[in-house]
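Asker: Here's a structure for you.
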């Protein structure tokens with residue numbers, strides 16, 4: 001039997017099928033294996049797939065063999081996750097465009113991936129003031145000391161300060177790159193990348209050998225926003241990539257925070273604009289920690305043992321439901337069964353008193 005992750009990899013190679021469309025394909029067919037085997041006309045039922053793309057998909061499928069592709073790909077890129085993998089960062093599964101393949105390098109902490117260790121994103125301008133640098137370091141160090149993992153983009157300026165402040169405090173940090181993991185950009189951050197790998201992870205949706213291209217960085221910002229429940233813009237002008245991250249954070253229903261600055265400082269005007277539009281004002285590192293203290297946390301799924309008498313598929317679906325309300329689509333994504341099968345299993349679990357349904361097709365454990 002071919003692994004489901006092989007189909008995520010294979011679909012990612014089809015020209016014209018991006019992350020958003022691939023998520024729709026997966027949700028429509030239940031699994032990407034079923035979608036791969038589906039007749040061409042059935043693909044046309046998916047929103048966003050027109051006649052030309054159906055032909056392109058059919059041609060692409062005829063030239064790719066998922067099992068062989070996975071074997072060949074692992075030879076060059078052995079360390080990666082797909083949404084079919086248990087260690088795929090859980091919060092990324094909530095966004096409408098989860099990367100079908102996410103490469104990683106460094107020290108894995110499974111609790112971070114499953115959401116029991118909270119992640120906070122800090123991003124900002126490449127040209128920070130002394131004020132921006134100082135406060136970014138203070139805040140990232142405070143977060144690290146209180147058990148948070150800091151996420152950023154390893155760019156020059158605020159991003160680098162966020163990583164360094166966390167590392168110096170002995171904390172863990174994740175960096176999301178817009179290149180392949182073998183090409184650090186900027187090159188001057190090669191040592192920083194090595195240091196991050198010792199105390200965290202360097203991530204990218206691009207395979208090895210991918211060079212820096214202007215269009216990659218705004219797209220990777222969705223990952224930076226999606227990995228965390230909270231996003232802090234430390235310092236940013238009115239036109240800044242950090243504001244793209246803030247926009248993604250709003251779209252993904254993440255909490256957005258901004259550090260205030262002077263009206264005389266051009267590098268603070270983007271943050272002031274965010275505050276004017278409703279972002280949370282950060283008055284100090286302690287104030288931020290106080291606000292983050294109310295942030296909902298996901299519990300580790302494995303902490304809830306399954307009743308031994310359940311049939312395997314029922315236990316599998318129950319395992320995918322946390323104490324936090326879990327969407328139907330996310331459950332389907334986690335278990336790799338068809339939507340219709342999952343729906344029937346959820347009904348059985350409800351009748352057994354193990355699961356309760358909430359508005360919006362969300363489910364939670366009945367005893368939570």
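The values are calculated or read from the model by the stated rules, or taken from the named source; none is laboratory data. Please read these numbers as outputs of a predicted model, since none were measured by experiment. No Cβ is skipped: glycine too gets one built from the backbone with ideal geometry, and neighbour counts run over all protein chains shown.
Asker: Whether any residue in the range 23-31 is outside any helix (DSSP H, G or I), at positive phi and surrounded by 19 or more Cβ atoms within 10 Å (Cβ to Cβ) is what I want to check.
Answerer: Yes - at least one qualifying residue is present in the range 23-31.
Asker: Against the condition in contact with a helix residue (DSSP H, G or I) (Cβ under 7 Å, 6 or more places away or on another chain), surrounded by fewer than 24 Cβ atoms within 10 Å (Cβ to Cβ) and either outside the structural domain of residue 326 (by TED's automatic domain parsing) or over 14 Å from residue 202 (Cα atoms) (or both), how does residue 131 come out, does it pass?
Answerer: Working: in contact with a helix residue (DSSP H, G or I) (Cβ under 7 Å, 6 or more places away or on another chain): no; surrounded by fewer than 24 Cβ atoms within 10 Å (Cβ to Cβ): yes; either outside the structural domain of residue 326 (by TED's automatic domain parsing) or over 14 Å from residue 202 (Cα atoms) (or both): yes.
Considered against the rule, which asks whether it is in contact with a helix residue (DSSP H, G or I) (Cβ under 7 Å, 6 or more places away or on another chain), surrounded by fewer than 24 Cβ atoms within 10 Å (Cβ to Cβ) and either outside the structural domain of residue 326 (by TED's automatic domain parsing) or over 14 Å from residue 202 (Cα atoms) (or both), residue 131 comes out as no.
Asker: On the basis of being surrounded by fewer than 19 Cβ atoms within 10 Å (Cβ to Cβ), free of Cβ contacts under 8 Å to residues at least 60 places away in the same chain, touching a helix residue (DSSP H, G or I) at 6+ places or on another chain (Cβ under 7 Å) and not assigned by TED's automatic domain parsing to the domain that holds residue 225, does residue 48 make the cut?
Answerer: Against the criterion (surrounded by fewer than 19 Cβ atoms within 10 Å (Cβ to Cβ), free of Cβ contacts under 8 Å to residues at least 60 places away in the same chain, touching a helix residue (DSSP H, G or I) at 6+ places or on another chain (Cβ under 7 Å) and not assigned by TED's automatic domain parsing to the domain that holds residue 225), residue 48 qualifies.
Residues checked against (1) in contact with a strand residue (DSSP E or B) (Cβ under 6 Å, 6 or more places away or on another chain); (2) at pLDDT 85 or above; (3) part of a loop (DSSP other than H, G, I, E, B); (4) farther than 30 Å from residue 364 by Cα:
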{"residue": "263", "(1), (2), (3), (4)": "no, yes, yes, yes"}
{"residue": "289", "(1), (2), (3), (4)": "no, yes, no, no"}
{"residue": "302", "(1), (2), (3), (4)": "no, no, no, no"}
{"residue": "307", "(1), (2), (3), (4)": "no, no, yes, no"}
{"residue": "313", "(1), (2), (3), (4)": "no, yes, no, no"}
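Asker: Next question, about the same structure. Just one of the numbered conditions (1) modelled with pLDDT of 95 or more; (2) more than 29 Å from residue 27 (Cβ to Cβ) is not true of residue 109; which one?
Answerer: Unmet for residue 109, out of (1) modelled with pLDDT of 95 or more; (2) more than 29 Å from residue 27 (Cβ to Cβ): (1).
Asker: If residue 40 passes every condition in (1) in contact (Cβ under 8 Å) with a residue 40 or more places away in the chain; (2) closer than 30 Å to residue 328 by Cβ but one, which one does it miss?
Answerer: (1)
Asker: Restricting to helices (runs of 4 or more DSSP H) lying wholly in the range 47-119: which have 2 or more residues that are touching a strand residue (DSSP E or B) at 6+ places or on another chain (Cβ under 9 Å)? Walk me through it before giving the result.
Answerer: On the way: elements: 51-63, 66-76, 110-114.
Those helices (runs of 4 or more DSSP H) span 66-76, 110-114.
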